[in-house]
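Colleague: Got a structure for you, questions after.
The values are calculated or read from the model by the stated rules, or taken from the named source; none is laboratory data. No experiment lies behind these values; they were computed from the predicted model shown. Because the Cβ atoms are built from the backbone with ideal geometry, glycine has one as well, and the counts that use them run over all protein chains shown. These accessible areas exclude ligands, DNA and RNA; they are computed on the full protein's heavy atoms, side chains included. Shrake-Rupley method; radii C 1.70, N 1.55, O 1.52, S 1.80 Å.
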Amino acid sequence: MKILGLAGSLRAGSHSSRLLDAAGAALPAGAELDVWEGLRDLPAYDQDLEAMETPEPVAALREAIRQADALVIVTPEYNASVPGALKNAIDWASRPRATTALQSKPVAVLSHSPGQFGGLWAAEDLKRILKITGARPLEASVSVPQIDAALPDGATALTDPDLQGALEAVLEELTDLRVLAQAA
Ligand SMILES: Cc1cc2nc3c(=O)[nH]c(=O)nc-3n(C[C@H](O)[C@H](O)[C@H](O)COP(=O)(O)O)c2cc1C
């Protein structure tokens, strides 16, 4: 089972990438995480550009989504929502609407923040955006507060057993064959 992972931060060594790695380590047996690294290569979405030849990084993103059984997206919170670079990737992937690679794709949404709310607003916005595209974000998402302590440097799992359990439960649901069957 192929799971495509997207981290919504461009920063080297970001908390988003580290949380995505922790999600990869927490996947049930038989599921493998393939991390998509092309976020910074995408041009800004432009309908004129879309009408021309598809930019290579956009084609690569769409193909990676198409090949995946499901997605895990980790978002930081920027000004109470998702970062522009992540929204840009979703905008490209959502087009053309009739044949979007995102259609019916199950998505687990994870968020984090240095503060006490764990980027909850970004997670809620991301689920709303994904629903509009035709993707199927799971209702259950995981928002990790105080990310520095929750996932210290070098850690491969969340320090809070309840949060780690919530992460494992969401990934279990994402890879449930019944969930995937609805996506087919
Ligand atoms: C432009 C910008 C806006 C931010 N807005 C918020 C915010 O609204 N809420 C919040 O909890 N943190 C906010 N932060 C802090 C980020 O959550 C924090 O820097 C986070 O670690 C970034 O994720 P990363 O480590 O994956 O790059 C903001 C950071 C930036 C750069």
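Colleague: Take every DSSP beta bridge with both residues inside segment 2-183 and express the antiparallel ones as a percent of the total, to the nearest 5.
Modeller: Close to 5 percent.
Colleague: Over the chain, with every protein chain in place, what whole percent of the accessible area is carbon and sulfur at 1.4 Å, could you tell me?
Modeller: 52 percent
Colleague: While we're looking at this one, here's another question. With a cut-off of at most 15 other beta carbons within 10 Å, and DSSP calling the residue loop, which GluC sites (Glu not before Pro) in segment 77-176 qualify? Please list them. Write out the running numbers ahead of the final one.
Modeller: Details: sites: Glu77, Glu124, Glu139, Glu168, Glu172, Glu173; in loops: Glu77, Glu139.
Sparse-neighbourhood loop GluC sites (Glu not before Pro): Glu139.
Colleague: When the chain is treated as a GNM, springs tying every alpha-carbon pair under 10 Å, which of Val142, Val74, Val107 comes out with the largest mean-square fluctuation?
Modeller: Largest GNM mean-square fluctuation: Val142.
Colleague: A further question follows. How large is log10 I(q)/I(0) at q = 0.17, 0.19, 0.20 Å⁻¹ when the Debye formula is applied to the Cα atoms of the chain, each weighted equally and without solvent?
Modeller: Results for the chain at q = 0.17, 0.19, 0.20 Å⁻¹ read -1.05, -1.31, -1.45.
Colleague: Tell me, in nm to one decimal, what length is gained between Ala169 and Ala157 on full extension, where the rule is 0.36 nm per residue of separation less the Cα-Cα distance?
Modeller: Working: separation 12, 0.36 × 12 = 4.32 nm, distance 1.38 nm.
Result: 2.9 nm gained on full extension.
Colleague: Moving on. Sorted by accessible area (1.4 Å probe), largest first, how do Trp121, Trp36 line up?
Modeller: Trp121, Trp36
Colleague: State the Cα centre-to-centre distance between segment 1-51 and segment 52-110 in whole Å.
Modeller: Taking the Cα centre of segment 52-110 as reference, the centre of segment 1-51 is 9 Å away.
Colleague: Under a point-charge model restricted to the Cβ atoms of Lys and Arg (+1) and Asp and Glu (-1), what is the dipole moment magnitude of the chain relative to its Cα centre, in debye to the nearest 20?
Modeller: Details: 15 positive and 25 negative charges, 92 e Å.
That gives a dipole near 440 debye.
Colleague: Given the Cα-Cα distance of Ala60 and Asp176 and 0.36 nm per residue of separation, how much length would full extension add, in nm? Each step should come with its number before you reach the end.
Modeller: Working: separation 116, 0.36 × 116 = 41.76 nm, distance 2.64 nm.
Fully extending the segment from Ala60 to Asp176 adds 39.1 nm.
Colleague: Pull up all non-local amide H partners of Gln103: gap of 5 or more, or a different chain, and H-to-H distance under 5 Å with H placed in the peptide plane.
Modeller: Sorted by chain and number, the residues that satisfy this come to none at all.
Colleague: Let me ask you something else. Rank these by accessible area, largest first, 1.4 Å probe: Met52, Met1.
Modeller: Listed by decreasing accessible area, they come as Met52, Met1.
Colleague: Here is a further query. Please report the accessible area of Ile132 (heavy atoms, 1.4 Å probe, ligands and nucleic acids excluded) in Å², nearest 10.
Modeller: Surface open to solvent at Ile132 totals about 130 Å².
Colleague: Can you tell me the accessible area per residue over the chain, all protein chains present, probe 1.4 angstrom, in square angstrom?
Modeller: With the other protein chains kept in place, the chain gives 49 Å² per residue.
Colleague: Still on this structure, I have one more. For segment 1-93, rounded, prolate or oblate, judged on the Cα gyration tensor with a ≥ b ≥ c (square roots of eigenvalues), a/c < 1.5 rounded, else prolate if a/b > b/c? Kindly include the intermediate steps, with their values, before the conclusion.
Modeller: Values: a/c = 2.47, a/b = 1.35, b/c = 1.83.
In terms of gyration-tensor shape, oblate.
Colleague: Evaluated at 20 °C with a viscosity of 1.002 mPa s, what Stokes-Einstein diffusion coefficient in µm²/s does segment 93-184 have when Rh comes from the Kirkwood expression over alpha-carbon pairs?
Modeller: Answer from the Stokes-Einstein relation: 151 µm²/s.
Colleague: By a straight-distance test (C-alpha under 15 Å), which aspartates and glutamates pair with Lys131 as possible cross-link partners, with residues fewer than eight away in the same chain excluded?
Modeller: The reachable aspartates and glutamates, counting only those whose Cα sits under 15 Å from Lys131, are Asp91, Glu139.
Colleague: Right, something else. Please tell me the relative contact order of segment 2-183 in percent, rounded to the nearest whole number, where contacts are Cα pairs under 8 Å and at least six residues apart.
Modeller: Worked out over segment 2-183, it gives 24 percent.
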